[in-house]
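**Q** One structure coming up, written as structure tokens, with questions to follow.
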Amino acid sequence: MVGGSQDFTVMLTVRNQGEDSYRTEVSFFYPPGLSYRTVSGIQNQHSWRSWRVTCESSHSTKGPETLHSSTCSINHPLFPGNSEVTFNITLDVDSHASLGHRLLLKANVSSENNMPRTNKTEFQLELPVKYTVYMVVTSREDSTKYLNFTASEKTSHIIKHQYQFNNLGRRSLPISVVFWIPIQLNKMTVWNQPQFIFSQNLSSACHTEVRVPPHSDFLAELKKTPVLSCSIAVCQRIQCDIQSFSSQEEFNVTLKGNLSFDWYIKTSHNYLQVVSTAEILFNDSTYALLPGQEAFVRAQTQTKVEPYEVHNPVPLIVGSSVGGLVLLALITVGLYKLGFFKRQYKDMINEAAPEAAPPQ
């Protein structure tokens, strides 16, 4: 895999099934973009003796399409009969190498014994080639995070989900960006007339289709998890094919539309999350992600939807007024029973009596 590990190792085994071989050599051929680093792991399978293996590279000067080669000397000067040696050749891989779809490796063995070339003295191997890529899609913070509505007035609101795409790798490649938007639940419109807007003019071709959810019992799913996604809602799938996503390139996509609320189902959570999804697709027979990077090519944006109640102040005002009058009446009755008003009346008469007495 080009662009991942900086090297790879090839194991070779040389067997001498005849007489002693003089100045035995193995020539190993590989394409440009690979270079010889070292030989290691020399093993003698059938003897306690250890064989000497030394290698050196010889770079071709006949053009970029010509195979490079390394030559390994096997226990010079003599490689005994009925002997076998296994060793590893490690090659460096240029992270910018372009090796096509198949990697061709060749090896042949020769000696001064003038042995004829046969299918046993030559070997070649073709390996599939993949190129590592490093791409990321993220949900932008300026997406719509929260919307609310009243039960009496379920007017729609504008909703925006925004995604950012980055090619952080060293290679340009064709990709497809795919968006999943919930548009209908229980035959009620959720996200009405979704639109997608690219931040820059990209050479892309887009097409849409409607997808039915895998789970039909949406009510049970919403009671478990307050998430409205394409797992329970009818969704619109939008795919845009981009001919070339250049190295270090960045672009944004905005998903926009009107969010209705007739679909809203009240649960114990008292809110629901409307979720859209964005993902990056590519030709996985040619390109590959490094282990652990699969999560970076998929992202979600959530909008919390919550109902709220508008309280009518008139019943509260009327209730408070009536309650105040009732309380006043109760206080008045209580004071009367305690004689408060009788004592006050007698005091008023006694105070007025001296003033009304006739003159002497």
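**Q** Stokes-Einstein diffusion coefficient for the chain at 20 °C in a medium of 1.002 mPa s, Rh from the Kirkwood formula over Cα pairs: what value in µm²/s?
**A** Answer, rounded: 75 µm²/s.
**Q** Shape call for region 228-294 from the C-alpha gyration tensor, a ≥ b ≥ c root eigenvalues: rounded (a/c under 1.5), prolate (a/b greater than b/c) or oblate?
**A** prolate
**Q** Same structure again: Just to confirm the filter: which GluC sites (Glu not before Pro) across region 97-180 are DSSP coil and have at most 13 other Cβ within 10 angstrom of their Cβ?
**A** Of the GluC sites (Glu not before Pro), the ones in loops of region 97-180 whose Cβ has at most 13 other Cβ atoms within 10 Å are GLU112, GLU141, GLU153.
**Q** Let me ask another. Just want the ordering: ARG140, ARG117, from fewest to most Cβ atoms lying within 10 Å of their own Cβ.
**A** ARG117, ARG140
**Q** Within region 100-139, find all residues whose amide N lies under 19 Å from a label point positioned 7 Å from the Cα of THR66 along Cα-to-beta-carbon.
**A** Taking a point 7 Å out along Cα→Cβ of THR66, the residues of region 100-139 whose backbone N falls under 19 Å are 104-108.
**Q** Follow-up question, since we're still on this one. Take region 135-307, drop everything but the C-alpha atoms, weight them equally and run the Debye formula without solvent; then report log10 I(q)/I(0) at 0.09 Å⁻¹ to two decimals.
**A** The calculated log intensity ratios at q = 0.09 Å⁻¹ are -0.33.
**Q** Compare PRO32, PRO291, PRO194 in a GNM of the chain, Cα atoms joined below 10 Å, and give the one with the largest fluctuation.
**A** Fluctuation is largest for PRO291.
**Q** By how many degrees, 0 to 90 and rounded to 10, does the Cα axis of helix 340-356 deviate from the longest principal axis of the chain?
**A** 40 degrees
**Q** May I pose another question? Using Cα-Cα distances under 8 Å and only pairs 6 or more residues apart, what relative contact order does the chain have, in percent?
**A** 18 percent
**Q** How much length, in nm to one decimal, is gained on full extension between VAL326 and LEU281, taken as 0.36 nm per residue of separation minus their Cα-Cα distance?
**A** The span from VAL326 to LEU281 would gain 8.9 nm if fully extended.
**Q** Name the residues whose placed amide hydrogens come within less than 5 Å of the amide hydrogen of LEU290, ignoring near sequence neighbours (fewer than 5 apart) on the same chain.
**A** Amide H neighbours of LEU290: VAL133.
**Q** Here's another thing I want to ask about it. Modelling each spin label as a point 7 Å along the Cα-to-Cβ direction, I'd like the GLN200/LYS154 distance in nm, to one decimal.
**A** Distance between label points: 4.3 nm.
**Q** Pairs LYS224/LYS304; LYS154/LYS223; LYS160/LYS187; LYS256/LYS304; LYS154/LYS224; LYS154/LYS304: which exceed 20 Å Cα-Cα?
**A** Flagged as over cut-off: LYS154/LYS223; LYS160/LYS187; LYS154/LYS224.
**Q** Of VAL136, VAL53, VAL274, which has the largest mean-square fluctuation in a 10 Å C-alpha GNM of the chain?
**A** VAL53
**Q** Going 7 Å from the Cα of ASN258 along its beta-carbon direction, which residues of region 141-167 have the amide nitrogen within less than 19 Å of the resulting point?
**A** 144, 147-161
**Q** Quick check: from the Cα gyration tensor, does region 1-152 come out rounded (a/c under 1.5), prolate or oblate?
**A** In terms of gyration-tensor shape, prolate.
**Q** On to the next question. Cut-off is 10 Å between beta-carbons; in what order do LEU228, LEU67 appear when sorted fewest neighbours first?
**A** In increasing order of surrounding Cβ atoms, one gets LEU67, LEU228.
**Q** Still on this model: From the phi angles alone, apply the Karplus equation (6.51, -1.76, 1.60; θ = phi - 60°) to region 165-175 and give each ³J(HN,Hα) in whole Hz, x where the residue is Gly or Pro.
**A** Result, rounded to whole Hz: 10, 10, 9, 8, x, 9, 10, 8, 7, x, 9.
FYI, it's all coordinate maths here, none of it is from the lab. Everything numeric in this text was worked out from a predicted model, so none of it was measured. Backbone-built Cβ (ideal geometry, glycine too); neighbour counts: all protein chains shown.
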